[in-house]
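The values are calculated or read from the model by the stated rules, or taken from the named source; none is laboratory data. Since the model is a prediction, treat every value here as computed from it, not as a measurement. All Cβ positions, glycine included, derive from the backbone under ideal geometry; neighbour counts span all protein chains shown.
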Amino acid sequence: MTKRVIIALLACGGCFALQAQELAQELDSTQYSDKMVGLMEVVVNGYYPNTRLKGNAVVTRIEGTPLAESGTASEMLVKVPGMTGSEDDPEVLGKGRPTIYINGRLMRDENELKRLRSEDIRDVEVINNPGAQYDATVKAVVRIRTRRQQGDGLGLNLALTDEQDLRYGFNTPNVKLSINFRKDNVDVFGGIWYNHRNYQQHSTLEEITLTDKVFRQTGPYTMTWKNDQLVYSAGTNWQINDNHSVGVRADLTHFLGGTNMVIFDEDILENDVLIDHLYSEQTSKESKPLGVLTNAYYNGKAGKLGIDFNFDFVSTETNTNRWNEEKSMLDNDFVRSSSSSKSRLYATKLVLSYPVWKGELEAGTELTFAKRRSIYEIEKPSIHNTDADIVENNLAAFAQYGADFGRWGRANVGLRYEHTHFDYKDVMNSDYLHRPQDELFPSASYSVGVGNVNMSLSYSFKTNRPSFFAMNDAVTYISRYSMQAGNSQLLNERIQELTFNATWRWLTFTASHERCKHPITQWAFLGDNDAVLIKHINFTKPINTYSMYISAAPRVGVWSLNAMAGFSKQDFFLDLEDDNAPGGMRRVSFNKPIYSINAYNTFSFKYDWRIEVNMTFTSRGHIQNFYNDYDKLRLDFVVQKSFLKDKALTVRAAVTDVLQRNQMNEDGDMGFYHIKQCNRYSTHKFHLSMIYRFNVTPSKYRGTGAGKDVQQRMKY
């Protein structure tokens, strides 16, 4: 017989609700066996917060809230307190793109958020200043935990999605089928996902070079990406007993071919006199052998000692053939080039934990071994071919201790040591760089509750290593007037962060200060015949960035709101050469703040009807030496209806970017060279999705992954 427990929390205006929530989460934790879960239903009267502060992490409950019916995890994530961005690029407020874990497993495929359904998610933990356990390049962490399902059997999940672009007319379908079988303590899962990518960006481009004359390039600029891929996922998890579990997972990406096209159609003016008209059509054909992402793990305990071990292997390769046909008033040209990149990664991570005094001591090591070979060949004598090998090995050790002092709060301190061995060798140009580095990264945090207000203050020292693409010295031909290259001499960014968090009922407040030394950006260099080379460099001046945000998640009747308002402002200036300025120098400030407002409105009605009105706004402002002079606004409407028993079938329809104001006008100041690009994105779409779920029992896979930083940097 089902047991029913009614907990009436009326005293102190529901001040004990947080304790009830923590108790419920403890009972739902995967560390308990099924036989220990006797509490089948809990009815809580009083205030029950969906968002709370746990140390320096903001934890938001998804299960049982309107967020659970947001569609995909990518659509849901941007609505979580502490998050912003878009479903294609979720960000942590003031921190940028996070490292994401799903059930403790490192998310290595960005499309995985589109394959995961929001109704399968239990809670989301946003850590905006992670400690020593995480790679020193990680500025923010999002940990997603899925709902625990009871019972054995076969589960099926089928999702059909189609996007019709309402501006440019193309269509983007994708299909996902996943199967899960659970028997006793063994879990076997697999799936296949077909994704057709069709994306366009239409822009106007203006480039101005100021030397002894004014050289201007201006005209439309169009980019189109089309590709198809299949992703196969399979794995198994064996929970031997309450203290030991092992598992293995593999994701194979079968790239079915892709075509990218870039078209320039621009006038070339010298001192406002037309001297040329350039039409450039660049076509790229991509092929990729089977991509491999694998993870194996062991998670368990030996007495009081906790053990978490992971091993990752990643293999990717991309081959590109590119044809650039140029038609000019002066002459015509046809430039053929090809490039290939092949990357391999091996990574392990071991974390040991042990209770000490009033808290827990964690210590461990992370080893990452990465190798990439990049070849670039071009049929143009003025540009060198390259054949470069990049080797980067990272050996890290870390320790952190957290102690709970009851009503006096909780304190954490940590220290991470990283030894990085970097080698760059271009056999075709005799370029060689050997750069070993030894660095220490301290971190500390303190959290305390005062009444119904919970607060935390955290400090960390981080780094940001350039992508492998940014370190490749190969010159990429764009047109006879524009070229691009990386820089193997780039220094790592060194970042200090101080972050304050506070929560009260349905309000969350975040403020942070970041100081970045050796910031990486792009800069222009003048070549022959007025051609410009855009290259990665380090600024010599540090950039200080201040941010402040407040999030609100109230619920009244059928209406629930997830809203955010705040700003980010950098303190940065450059002294640039200018022959027309006094002393031959001019000071340029890049400190206009960026204001952001998000409002996700959800109306839940009877008979499983749901309507959403979602709005995001980002004002004009500076990021490094680039300025967006357009106030970006996006408005979406969503209608959703569930059918059949247990809402097995869900139909969701949406119109996105209704006002067609989701665009960006980016203006870059590089001294004698200015570039302004006005971008219109293909986000004005009609979405239709149908999801059928049969006896779904999501996988309990508990691998955490390793080598996340290098995996991300291998992509670029």
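See the values below:
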{"item": "Every pair of residues 6+ apart whose Cβ atoms lie under 6 Å, when the first sits in segment 594-619 and is more than 20 Å from Thr650 (Cα to Cα) and free of Cβ contacts under 8 Å to residues at least 40 places away in the same chain while the second is part of a strand (DSSP E or B) and among the polar types (S, T, N, Q)", "result": "Ile594/Ser568; Thr618/Ser596"}
{"item": "Flag if Ile550 is of a type outside the set (Lys, Arg), under 30 Å from Gln640 (Cβ atoms) and under 22 Å from the mean Cα position of the chain (by Cα)", "result": "yes"}
{"item": "Subset of segment 526-556 (residues that are closer than 25 Å to Thr51 by Cβ and charged (D, E, K, R))", "result": "Arg555"}
{"item": "Filter result for Glu325 (touching a residue at least 40 places away in the same chain (Cβ under 8 Å) and either touching a helix residue (DSSP H, G or I) at 6+ places or on another chain (Cβ under 7 Å) or surrounded by 14 or more Cβ atoms within 10 Å (Cβ to Cβ) (or both))", "result": "yes"}
{"item": "Close pairs from segment 641-655: first surrounded by fewer than 16 Cβ atoms within 10 Å (Cβ to Cβ), partner in a strand (DSSP E or B) and of a type in the set (Lys, Arg), Cβ under 7 Å, at least 6 apart", "result": "Ala648/Arg693; Val651/Lys641"}
{"item": "Criterion: under 26 Å from Ser482 (Cβ atoms), at pLDDT below 95 and not β-branched (Val, Ile, Thr) - qualifying residue of Ser280, Ser284, Ser245", "result": "Ser280"}
{"item": "Number of the exception - Thr204 against (1) assigned to a strand (DSSP E or B); (2) modelled with pLDDT under 90; (3) not charged (D, E, K, R)", "result": "(2)"}
{"item": "Single condition His196 does not satisfy, out of (1) without any contact (Cβ under 8 Å) to a residue 24 or more places away in the chain; (2) touching a strand residue (DSSP E or B) at 6+ places or on another chain (Cβ under 7 Å); (3) not polar (S, T, N, Q)", "result": "(1)"}
{"item": "Residue pairs meeting the criteria (Cβ under 7 Å; at least 6 apart or on separate chains; first in contact (Cβ under 8 Å) with a residue 40 or more places away in the chain, in segment 370-391; second surrounded by fewer than 17 Cβ atoms within 10 Å (Cβ to Cβ) and of a type in the set (Phe, Trp, Tyr))", "result": "none"}
{"item": "Residue check for Asp636: crowded, with 16+ Cβ neighbours inside 10 Å and either basic (Lys, Arg) or out of contact with any Cys (no Cβ under 8 Å at 6 or more places or on another chain) (or both)", "result": "yes"}
{"item": "Selection from segment 597-641 of residues that are of a type in the set (Asp, Glu), modelled with pLDDT of 95 or more and over 21 Å from Leu688 (Cα atoms)", "result": "Asp631"}
{"item": "Which listed residue is without any contact (Cβ under 8 Å) to a residue 12 or more places away in the chain, more than 29 Å from Tyr432 (Cβ to Cβ) and either part of a strand (DSSP E or B) or aromatic (Phe, Trp, Tyr) (or both), from Phe309, Phe334", "result": "Phe334"}
{"item": "Strands (runs of 3 or more DSSP E) (entirely within segment 454-539) containing at least 2 residues that are closer than 28 Å to Gly414 by Cα, in contact (Cβ under 8 Å) with a residue 40 or more places away in the chain and of a type outside the set (D, E, K, R)", "result": "493-504, 507-517"}
{"item": "Test result for Thr616, in contact with a Leu (Cβ under 9 Å, 6 or more places away or on another chain) and part of a strand (DSSP E or B)", "result": "yes"}
{"item": "Residue identified as among the acidic types (Asp, Glu) and either without any contact (Cβ under 8 Å) to a residue 12 or more places away in the chain or surrounded by 19 or more Cβ atoms within 10 Å (Cβ to Cβ) (or both) among Asp242, Asp212", "result": "Asp212"}
